[in-house]
Amino acid sequence: MVWLPECASTNAEAQNLIGENRATDGCVVITDKQTAGRGQRGNRWETNPGENLTFSVIWRPTFLPAQDQFLLSQTVALAVHDWATSLLGPDAALRVKWPNDIFYGDRKLGGILIENTLSGTMIQQSVVGIGINVNQRAFGAHTATSLAWITGRAYALPALVTRLLECLERRYLQLRAGRLSAIRYDYLHALYRYQETHSYEVDGRRLTGEITGVDELGRLAVAIEGQLRHFDLKEIRYVL
């Protein structure tokens, strides 16, 4: 584990370790203050210093074909979902918002950014960046939440990291053992808005649709106006 009091991005620091050949499989880069954290779609990850979890894990999933890299995303999302469920209880309104955000109700609790390096048709290395709101109470975005906001209590961050890394290892070993059907099943049944009718924005138009699943390439399957359509990350937007 590499702890940094402050850095721009734990993912960037992890990439530096890889470039310098100093990264072992399972290496963790963690910081109290991330000044330029990144999220999906190039968004900036908002976090107050010392209040939340911001870290990156380096994996070498050389057993996983590049065409199956969404399985890695599902694995990590499920691990964070498992961890949050262990804290908030099995009846908590926790869901995985496609592709890998962690939601409590309609508010974002955590985000994941995975950067893969490929070697031929296989994944060579993965940098798994995770940001989770823990003790922060005030946010610039009205769609954000935290464990402290949900429960009304403060948390000791080191104990949470230990538990979360255990959840990550458990799910990663499941992936490595080839239990892919179980991962896909668990992901589907943790999926936010699965088999529910809601509004989405597609090509600048607001449409009503029902999420029916996710294909093996990681595209979101949505039934819209009697037609099943598949969307990549930037092709559909949730209306919250």
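Read the figures in this text as sums done on the coordinates, not as results from a lab. Computed from a predicted model, the values in this text were never measured in an experiment. In this analysis, Cβ positions are derived from the backbone assuming ideal geometry, glycine residues included, and neighbour counts consider all displayed protein chains.
Based on C-alpha pairs under 8 angstrom that are at least 6 apart in sequence, the chain has a relative contact order of 17 percent. Put simply, the amide H of Ala8, placed in the peptide plane, has neighbours under 5 Å in Thr35, leaving out anything fewer than 5 places away on its chain. Note on region 104-174: the C-alpha convex hull projects to 6.6 nm² when averaged across all orientations.
Sorting the segments 174-184, 131-141 by their mean number of nearby beta carbons within 10 angstrom, highest to lowest, gives 131-141, 174-184. Give the distance, in whole Å, between the Cα centre of region 159-205 and the Cα centre of region 5-26. Comparing the Cα centres of region 159-205 and region 5-26, I get a distance of 25 Å. Ordering Tyr155, Gly120, Ser199 by the projection of their Cα atoms onto the charge dipole of region 101-216, which places +1 on the Cβ of Lys and Arg and -1 on the Cβ of Asp and Glu, puts Tyr155 at the extreme positive end. Applying the Kirkwood pairwise sum to the alpha-carbon positions of the chain produces a hydrodynamic radius of 18.4 angstrom.
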